[in-house]
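Inspection log for the structure reproduced underneath, given as structure tokens.
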Amino acid sequence: MLVACANLSNLLLARGQTRRKEMAIRSTLGADRFRLIRQLTVESLVLAGCGGLLGVAFAYGVTQAVANTTAVSIPMLSSVSIDGLTLLFTLGVTILAGLLMGIVPALQFSQAREAEVINDSSRGSTEGKRSAALREGLVVGEVGLACVLLVAGGLLLRSFLSVLDVDLGFQPAGAVAWEVETNRSFDSLSERTAFYYEMLDRVEALPGVDAAGFTDTPPLGRNRSWGIRALGVEYAEGEAPSAFPRIVDWRYLQVMDIPLVAGRHFSVDDHSESPQVVVLNETAVETLFPGQDPIGQSIVTAGGEWEVIGVVGNVRHQSLEESSGLEMYLPMTQMGYYGSLVMVVRSPLTVGTLAGSVRSALQDADPMMPTGDFWTMESVVDRSVSPRRFTLILVAAFAGTALLLAALGIYAVLSFSVSQRIPEIGIRMALGESPATMLRRVVGRTMVLAGTGVAIGAAGSLAVSRVMQSLLYGIGSTDVPSFAAMALILLGVSAVAGFLPARRAATTDPIEALRVG
């Protein structure tokens, strides 16, 4: 909003330049300064009000598009709408914007300096130095504000790419998950296990299915923890570690492509009659058995002793930004209690093709089982980064708008300056100044303004980036590539914006320019 106000103030200043004599005449005829300020401010408020009405109409469409988007997964996003409180806030912002963009021109042109106006407007054919300095100052401010937004957007983009580049610990591509819950009752754990294993066999027999496995909670799902300790190790009160438990079947770790670091995976021989076994992740091993071989060691958890038979890689469970923490995998054949299960199916087939055949296989196993709740593991990963993506999209949209407004502001100021200096340009070119020299002169002035704005904006960006440090991942708040890239973008856009009026100045016909003068 500040960039837009600065831009519009610049345009009003340029427009007001042609009304200086009008204001001087009104003052001569008795209009006091307050009356002139009121007139110019009301004109500004009318412009702001028209823009506000257009903005509200546009906002209705944008809000509906955002609420219905499937590109991000944000809780309650679909219920977002424009209400009365929002409209009141918009009204207040519109009035504030009208005052901000109108007060500078109003103060500039309401000064009753009739003689100075005549002198200022008669310096050859150049504009008044005070007005030119004010307009250029607003351009510098625009570029500075745009720089802050661009740096913020650049930092968020680099952070987002860092998040996407983390090692998940599993392979989401090609994995589809089904919520599996039956109302059947079972007399024993063995009978229950046999029912689910028969279901897996049906699914794995389907054409195009590579593998399938069960877990009670897949990665990036719910959060829970159980106490865990190494057998024979005494822990001080409150210092015993806890680990995230996953109850799985013997195929799950391979289906998810979770790398085996040491030992072995579960097998069909790990059943209710065999010794209780567990697989730990690397972080759990480092915590419970530092510097030791964990294979064959025992842990105490879930009310019993469990022998460590394998070590697997860490898996991002809570979010992509957070480390995995301690994790343990327990075989469902040895757990007497667990609720609904999630069946993960790995297949190269499309989801649409796979869903129908898996649904039929599940209904063959239990006709009463709901089979419509399924999702891809890639969508789970995508949903976990949705808040960060949404923030990135918003900031990028604001940064892009600010960049466009800053470019328009530079173009407007230089175009007005060139139009005011046509006679001077004609004299310079009549005295031998080449078009190339004139082009460099105008573009050089552009780069001076843009460079000053970038320098000021970089200083402001340092303060803003420290505030948003909590939103960043994998990069620092003073990330040099982000600052450098945004500065180059701003300078490049500024050069393009300044080139158009510069080319106009360079192609000016000296005879026509002198005739205008």
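Points worth noting:
- From largest to smallest, the equivalent ellipsoid semi-axes obtained for region 182-369 from the alpha-carbon gyration tensor read 31, 19, 15 Å.
- Stretchable slack from A205 to A484, in nm (0.36 nm times residue separation minus alpha-carbon distance): 94.9 nm
- Computed E for L29/L96 - FRET, C-beta separation, R0 25 angstrom, nearest 0.05: 0.20
- Segments 397-406, 221-230 sorted - mean Cβ within 10 Å per residue, highest first: 397-406, 221-230
- For the peptides 172-183, 433-444, the ranking by mean Cβ contacts within 10 Å, running from highest to lowest, is 172-183, 433-444.
- Long hydrophobic helices in the chain, taken as whole DSSP H segments with a C-alpha length of 27 Å or more on their own axis and mean Kyte-Doolittle hydropathy at least 1.6: 84-109.
- Projecting the alpha carbon convex hull of region 433-517 along each direction and taking the average yields 7.1 nm².
- Using only Cα coordinates, the Kirkwood hydrodynamic radius of the chain works out to 28.8 Å.
- Taking only Cα atoms of region 156-290, radius of gyration then Dmax in Å: 17.9, 55
- Measuring nothing but how far apart in sequence close Cα pairs (under 8 Å, 6+ apart) lie, relative to its length, the chain scores a relative contact order of 23 percent.
- Distance between the pseudo-spin-label points of A194 and D293 (7 Å out from Cα toward the beta carbon): 3.9 nm.
- FRET efficiency for Q254 and N183, using Cβ-Cβ distance with R0 set to 35 Å, rounded to 0.05: 0.75
No value in this document is a laboratory result; all are computed from the given coordinates. Just so you know, these numbers come straight off a predicted model, no measurement behind them. Don't worry about glycine lacking a Cβ; one is built from the backbone with ideal geometry, like all the others, and counts go over all protein chains shown.
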